[in-house]
Amino acid sequence: MFPSAGKVGHMPTGPGEQAAHTAQTERRSGALLEHLARRMRLRSESVLAPLGLRPRHLVTLTVLRDADGISQQGLASTLQLDSTNVVGLLNGLEADGLIERRRAPEDRRRHVVRLTEAGAARLNEAECALATVEDEVFGALDETERATLYDLLRRATSESSTTCVEAICAAEVPPEAC
């Protein structure tokens with residue numbers, strides 16, 4: 001567990017007080033979750049960087065794969081980002097050949113965004129790299145424990161009003177960009 005100073009200005013003085021303090025703080029999960037999140041974030045960024053991706057790119061490519069073509073405006077709505085920020089995000093992905101934007105045949109004012117074959121391949125590489133990161137970070141857990149952890153985290157986050165996209169956006173982009 002992490003060393004802890006306890007209350008500000010108070011250090012446990014004796015073995016009994018230290019044991020009580022340790023027992024009390026060992027069951028708090030916030031620090032552990034923060035530590036795991038930091039490890040995941042740092043490792044994830046380090047394996048995504050050589051692929052030319054950041055977490056927000058990964059989310060965008062995943063949405064495009066699952067949508068199999070979506071309007072730029074629909075993508076902005078799904079990502080819960082301002083349209084201007086989505087344009088900038090897509091410009092970079094398009095320059096790398098990972099996505100393509102085409103005019104919608106039924107409405108020439110709209111752009112339909114699709115994942116390219118190169119984008120699908122890069123997304124697959126990223127997902128494999130991230131699976132390796134999860135194996136590193138959660139290596140002490142067996143498959144059943146990982147499944148249980150995943151289920152518990154899903155349940156805990158379902159009570160939250162913040163979506164995964166909002167959390168990624170808040171972590172990476174200045175607040176005015178969200």
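Read the figures in this text as sums done on the coordinates, not as results from a lab. This structure is a prediction, so every number in the text was calculated from the model and none was measured. Positions of Cβ are backbone-derived with ideal geometry, glycine not excepted, and every protein chain shown enters the neighbour counts.
Structural remarks
- Segment ASP82-ALA67, length gained on full extension (0.36 nm per residue, minus Cα span): 3.5 nm
- Dipole check for segment 29-177: with +1 at the C-beta of Lys and Arg, -1 at the C-beta of Asp and Glu, and the Cα centre as origin, the magnitude is about 540 Debye.
- Theoretical gain in end-to-end length, ALA156 to ARG28 [0.36 nm per residue, Cα-Cα removed]: 44.6 nm
- Taking Cα centre as origin and charging only the Cβ of basic (Lys, Arg, +1) and acidic (Asp, Glu, -1) residues, the dipole magnitude of segment 36-76 rounds to 360 debye.
- Dimensionless Rg over Rh [segment 29-177; C-alpha; Kirkwood]: 1.00
- Rounded FRET efficiency, nearest 0.05, which uses the C-beta distance separating ALA140 from LEU42 and R0 of 22 Å: 0.75
- Which of THR60, ALA131, THR148, positive extreme of dipole for segment 29-177 (C-beta unit charges): THR60
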